Amino acid sequence: MIEAKKSQLFSNLFHLYNQRLLKKTFHRISLKQAKSLPTIGPTLYIANHSSWWDGLLAFYLTRTVLKRDCYAMMTEVGLKAYPFFRKIGGYSINKDNPKDVIRSLAYTRRLLDLSKGIWVFPQGKEEHLEKRPLLFQPGVSRVIRQVNTVTVVPITFYYTFLHEQRPEVFISIGESLPAPRLQAFSLQKDLTTFLEDILTEQLNNQKQEVVNETFEAYDVIIHGKKSISKQIEVSK
């Protein structure tokens, strides 16, 4: 298990780089969020995982929206491929190694006991954006049952092409799931199913908003560079 090795200096520099990268890549990034989000206390941010960009978007949200000291659970393969993620809070889990899973979940509990925020992609790997239902690994429910004060915040990422050259991202931060509601489940598998259903429904609703282009609830948080078509229109 590879632990995080945070560097504030690196995080600050990487944030500047990340902003430029997101603006260069996407036409627009839009956010819809619940009215109140937890600002203190142990929190798990659970999100669907369909793209390499998920991690960079999570880091951007941490810096600009959540504004908390957050960490992120990553696959061991992913962290070894991109070791710089350690410096911004990434740590590893290897689901194929039971002992490693135990160590990673114990590390997660220690961070939560310190009232940190933890990003988790409970599908355990990248899956196609349209694959349903969302199926979770059991680790996240195990941690919730062991840290009985934790709050869960469901977050969904939806990538799409609309009317511009570059893709767009729509992000939805759902209503927080308070600890008493989570601890009411006596069986771990029932809690896992509940979380799967919550995130699946949120993602499906978000898809319909994108398909129908009903974006009134979204705010644009990043405007990308003008597409070639827009540049041509301006030059006419």
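The values are calculated or read from the model by the stated rules, or taken from the named source; none is laboratory data. The structure displayed is predicted, hence computed values, not measured ones. All Cβ positions, glycine included, derive from the backbone under ideal geometry; neighbour counts span all protein chains shown.
Does Gln137 satisfy the condition of being within 22 Å of Lys189 (Cβ to Cβ) and surrounded by fewer than 21 Cβ atoms within 10 Å (Cβ to Cβ)? Answer is yes for this residue.
The rows are residues; the columns are (1) assigned to a loop (DSSP other than H, G, I, E, B); (2) closer than 26 Å to Arg86 by Cα; (3) among the hydrophobic types (A, V, I, L, M, F, W, C).
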position: Gln123; (1), (2), (3): yes, yes, no
position: Thr156; (1), (2), (3): no, yes, no
position: Glu175; (1), (2), (3): yes, no, no
position: Leu182; (1), (2), (3): no, no, yes
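Selection over region 182-208 of residues that are more than 12 Å from Ile46 (Cβ to Cβ) and in contact with a strand residue (DSSP E or B) (Cβ under 7 Å, 6 or more places away or on another chain) gives a count of 2. Being over 18 Å from Ser7 (Cα atoms) and either of a type in the set (A, V, I, L, M, F, W, C) or modelled with pLDDT of 95 or more (or both) holds for only one residue in Ala72, Ala81, and it is Ala81. Just one of (1) surrounded by fewer than 20 Cβ atoms within 10 Å (Cβ to Cβ); (2) not in a helix (DSSP H, G or I) fails for Arg20. It is (2). Can you pull out every residue in region 166-220 that is of a type in the set (Val, Ile, Thr), surrounded by 14 or more Cβ atoms within 10 Å (Cβ to Cβ) and within 23 Å of Ala58 (Cα to Cα)? Of everything in region 166-220, those that are of a type in the set (Val, Ile, Thr), surrounded by 14 or more Cβ atoms within 10 Å (Cβ to Cβ) and within 23 Å of Ala58 (Cα to Cα) turn out to be Val169, Ile171, Ile173, Thr192, Ile198, Thr200, Val210. When region 8-55 is filtered for residues that are in contact (Cβ under 8 Å) with a residue 12 or more places away in the chain and either in contact with a Cys (Cβ under 8 Å, 6 or more places away or on another chain) or farther than 29 Å from Val140 by Cα (or both), the ones remaining, listed by number, are Gln19, Leu21, Lys23, Lys24, Thr25, Phe26, His27, Arg28, Tyr45.
Number of residues in region 23-48 that are in contact with a strand residue (DSSP E or B) (Cβ under 8 Å, 6 or more places away or on another chain), farther than 25 Å from Thr149 by Cα and either modelled with pLDDT under 95 or not in a strand (DSSP E or B) (or both) equals 3.
The rows are residues; the columns are (1) touching a residue at least 60 places away in the same chain (Cβ under 8 Å); (2) buried (at least 16 other Cβ atoms within 10 Å of the Cβ).
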residue: Leu57; (1), (2): yes, yes
residue: Lys80; (1), (2): yes, no
residue: Pro98; (1), (2): no, no
residue: Val120; (1), (2): yes, yes
residue: Gln146; (1), (2): no, no
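Scanning region 24-42 finds one or more residues that are surrounded by 14 or more Cβ atoms within 10 Å (Cβ to Cβ) and touching a helix residue (DSSP H, G or I) at 6+ places or on another chain (Cβ under 6 Å). Quick one: count up the residues across region 87-99 that are within 16 Å of the chain's Cα centre (by Cα) and in a helix (DSSP H, G or I). Number of matching residues: 1. In summary, Ile102 fulfils each of the numbered conditions (1) more than 19 Å from the chain's Cα centre (by Cα); (2) part of a loop (DSSP other than H, G, I, E, B); (3) modelled with pLDDT of 95 or more; (4) not small (Gly, Ala, Ser) with the single exception of condition (2).
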